[in-house]
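The structure appears below as structure tokens.
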Amino acid sequence: MAVVDAHQHFWNLERNSLPWLRPEHAAIARTFEPAELEPLLREEGIDATILVQSACHDEDTDFMFEQAARHDWIAGVVAWVDLQSPARARERLDELAAQPKLRGIRHLIHDEDDAHWILRPAVLESLALVEERGLVLELPVVFPRHLGDVPGLAGRFPGLTIVIDHLGKPPLGRDLAEWCDGLQAAGAHPNVAAKVSGLNTAIDRADWTADDLEPAIAVALDVFGASRLLCGSDWPVALLNGGYHAVWTETRTALEGLADDELEALLGGTATRLYGLASTPVDHTRPAGNSWSSSDSGSISML
């Protein structure tokens, strides 16, 4: 069974800025590159990753593709384009079409002052281009208003696969009713999927375990089933409340208790299918090549 970490980041603060970094992010306010993650992948039995944008500028995207070209185990890249400018979005998408590992587009909507930024007319025009090119749209859904926008988007763009990052940040340990209703409304659309990731940083305790994750994962399984759920570490953001080993150990434990017979899909199969990844596991001992190239709540941290 190939295992895919469907959500991780790299950044080099000497090259690119991360405007969202705050004092509370001190633990991750440094450079994170592939050499640091690769041994963690081996330890956890992860075969491949999906590298996701960290900033809303072209330099971040260019940096990601540099890393992807050097490492087989980076199977896909979720990039950034300027969705506020359809003309620039078209131009940039045409440029990025030359990148064999391009799989999706994302914008940090939770950093925008406009509560419904994703529904702006110019952004919608750009999203039509994303749909046209068969790319995934990832949404960092942090606040309930963001989750509430998903059904409208999914209905407007039925050919666009929309992936909700981090299950929409459920308020773990608190009342899940509003989040649950929002997730169900979004999941009623067959072109919407979600990532089991980033849940540890939605918990305000350092001693969290699989038991803390299970309520939200159980709801997500009921809404999406294993065929529309995938798993990711959100590394290095995960370091704000845990680490790579803790995230994968507790996530696997929760999944084994809730859907043991569907682990293959949850841990890799769904990601491989939705993002059009190759299905052959990567040998981490080999030099890099191209074998993966193919056809509003408390202490939330979100990437």
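See the values below:
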{"read-out": "Positions within the range 86-100 being surrounded by 15 or more Cβ atoms within 10 Å (Cβ to Cβ) and over 20 Å from the mean Cα position of the chain (by Cα), in sequence order", "value": "Pro86, Ala89, Arg90, Arg92"}
{"read-out": "Residues (of a type in the set (A, V, I, L, M, F, W, C) and farther than 13 Å from Leu93 by Cα) located in the range 117-135", "value": "Trp117, Ile118, Leu119, Ala122, Val123, Leu124"}
{"read-out": "The range 201-249, residues that are in a helix (DSSP H, G or I) and more than 18 Å from Pro171 (Cα to Cα)", "value": "Phe224, Ala226, Ser227, Arg228, Leu239, Tyr244, His245, Ala246, Trp248, Thr249"}
{"read-out": "Residues being surrounded by fewer than 22 Cβ atoms within 10 Å (Cβ to Cβ) and either within 23 Å of Val130 (Cβ to Cβ) or within 20 Å of the chain's Cα centre (by Cα) (or both) - total across the range 173-185", "value": "3"}
{"read-out": "Total residues in the range 220-248, condition over 17 Å from Thr49 (Cα atoms), out of contact with any Pro (no Cβ under 9 Å at 6 or more places or on another chain) and not charged (D, E, K, R)", "value": "11"}
{"read-out": "Residue within the range 10-24 that is out of contact with any Lys or Arg (no Cβ under 8 Å at 6 or more places or on another chain), part of a helix (DSSP H, G or I) and not aromatic (Phe, Trp, Tyr) present", "value": "yes"}
{"read-out": "Hits in the range 161-172 - residues which are touching a strand residue (DSSP E or B) at 6+ places or on another chain (Cβ under 8 Å) and part of a loop (DSSP other than H, G, I, E, B)", "value": "Thr161"}
{"read-out": "In the range 173-185, the residues that are part of a loop (DSSP other than H, G, I, E, B) and either more than 18 Å from Ser197 (Cβ to Cβ) or modelled with pLDDT under 95 (or both)", "value": "Gly173, Arg174, Asp175"}
{"read-out": "Neighbours by Cβ (under 8 Å, 6+ apart or cross-chain): first from the range 217-232, of a type outside the set (Gly, Ala, Ser); second modelled with pLDDT under 95", "value": "none"}
{"read-out": "Index of the failed condition, His189 passing every other in (1) under 18 Å from the mean Cα position of the chain (by Cα); (2) farther than 20 Å from Leu51 by Cβ; (3) in a loop (DSSP other than H, G, I, E, B)", "value": "(1)"}
{"read-out": "Any hit, the range 6-23, residues being acidic (Asp, Glu) and under 30 Å from Thr249 (Cα atoms)", "value": "no"}
{"read-out": "Some residue of the range 101-123 being modelled with pLDDT of 95 or more, closer than 27 Å to Gly269 by Cβ and over 19 Å from the mean Cα position of the chain (by Cα)", "value": "no"}
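The values are calculated or read from the model by the stated rules, or taken from the named source; none is laboratory data. Small disclaimer: the values here were computed from a predicted structure and weren't measured. Cβ sites come from the backbone with ideal geometry, for glycine too, and all protein chains shown count toward neighbours.
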